[in-house]
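Working notes for the structure below.
A short reminder: the numbers here are calculations on the coordinates, not readings from a lab. It should be emphasised that the depicted structure is a prediction, and the values quoted were computed from it without experimental measurement. Every residue, glycine among them, receives a Cβ derived from its backbone with ideal geometry; neighbour counts consider all protein chains shown.
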Amino acid sequence: MDFKQIEAFVNVVRYKSFSKAADATFFTQPTISTHIRNLEKELGVKLLDRKSRAVEMTSEGSKFYKYAVEMINARAQAFEALNDNSESIDGVLEIQTSSIPGVTFLPSLLSGFRKEHPGIQYYVSVSDTQTVIDNIAERRGEIGFIGESAAVSSMECTKVASDKSVLISPVSFDLHSKVSLRDIIAYPFIWRETGSATRKSFEQAALKAGFEKEEFDVAALVDDMDAIIRNVEAGLGVAIISEKVASALGSRVRVSEIEDYNEDRLFYMINLKSASFSPAAIAFSEYVKSQMAAE
């Protein structure tokens with residue numbers, strides 16, 4: 001077993017594709033396949049299920065994956081310790097993020113950190129809060145950004161930003177700049193996916209105000225922020241989104257403050273407490289904390 005085989009396996013899991021893993025690591029696809037085939041032969045188990053369109057891990061692959069990531073990170077830390085005179089950080093940093101951090105404060109952090117460390121490359125996966133928590137727990141990514149505190153004892157959770165939620169509606173809808181839950185309940189809603197912290201927070205506020213989920217007219221369930229905005233713009237319905245996102249939309253939609261739902265939304269950076277982290281992840285985590293402390 002050598003590190004090229006382990007890295008090939010981790011990258012195929014990360015990108016869920018042999019060809020994408022090859023592109024990201026500058027190897028050929030046959031080379032990636034050979035590395036993994038030799039690794040499976042040495043371990044005596046099948047690590048990857050190649051039958052589906054997106055490559056997935058077998059149960060044995062899932063067990064091995066967390067150790068594979070630990071070995072790669074430990075190796076990177078060893079090289080970093082032996083090269084302690086160098087301030088350069090390089091490598092691929094895998095980040096999991098929910099949609100709002102992914103389109104608000106995270107891009108500027110990625111840009112700023114890479115200006116300091118040009119050798120860094122990012123792999124950013126955007127999903128909902130619960131998926132981010134699950135992926136970090138399974139070591140599919142070292143650092144995550146989510147829209148609620150992770151109530152998981154194995155996670156370190158650091159508050160990094162805050163925002164408010166607002167209602168966006170088509171310009172053709174006759175809604176004022178300030179509305180109440182009672183004002184908007186009759187309008188069709190474009191709802192976020194079940195794991196969305198934005199949706200969960202809004203549902204809790206509505207229940208607290210005496211409304212049942214069944215009272216809302218759900219026109220569509222959409223799991224992509226840009227698609228939500230475009231559907232609102234097209235007149236399908238209204239949606240609850242980040243105030244920071246809404247402020248960048250100009251006249252495309254109408255933006256309304258919800259008077260009885262105006263609490264701050266908090267956003268967090270998460271990571272596994274017990275995991276061994278790459279030098280890139282350690283440096284980026286410290287960079288995020290320093291940037292957010294300065295604001």
Principal axis box of segment 165-263, alpha-carbon based, largest edge first, Å:
33, 27, 23
Read phi for every residue in segment 196-210 and hand back ³J(HN,Hα) as whole Hz from Karplus 6.51 cos²θ - 1.76 cosθ + 1.60, θ = phi - 60°, with x for Gly and Pro.
6, 5, 4, 5, 4, 5, 5, 4, 5, 5, 5, 5, 5, 7, x
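Within 10 Å, count the other beta carbons around each residue, average over each peptide in 266-279, 165-178, 247-260, 95-108, and list them highest first. Please list the in-between numbers first.
Details: 266-279: 19.2, 165-178: 16.4, 247-260: 14.7, 95-108: 21.6.
Going from most to least packed, we get 95-108, 266-279, 165-178, 247-260.
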Tell me, what HN-Hα J-couplings in whole Hz come from the Karplus equation 6.51 cos²θ - 1.76 cosθ + 1.60 at θ = phi - 60° for each residue of segment 108-120, using x for Gly and Pro?
5, 5, 4, 5, x, 5, 6, 5, 7, 9, x, x, 7
For VAL171, the residues 5 or more places away or on another chain with a placed amide H closer than 5 Å to its own amide H are ARG254
Return P(r) of the chain (all Cα-Cα pairs; 10 Å bins starting at 0; whole %; ordered from short to long distances).
6, 25, 28, 22, 14, 5, 1
Listed peptides 75-83, 222-230 by packing density, highest first (mean Cβ within 10 Å)
222-230, 75-83
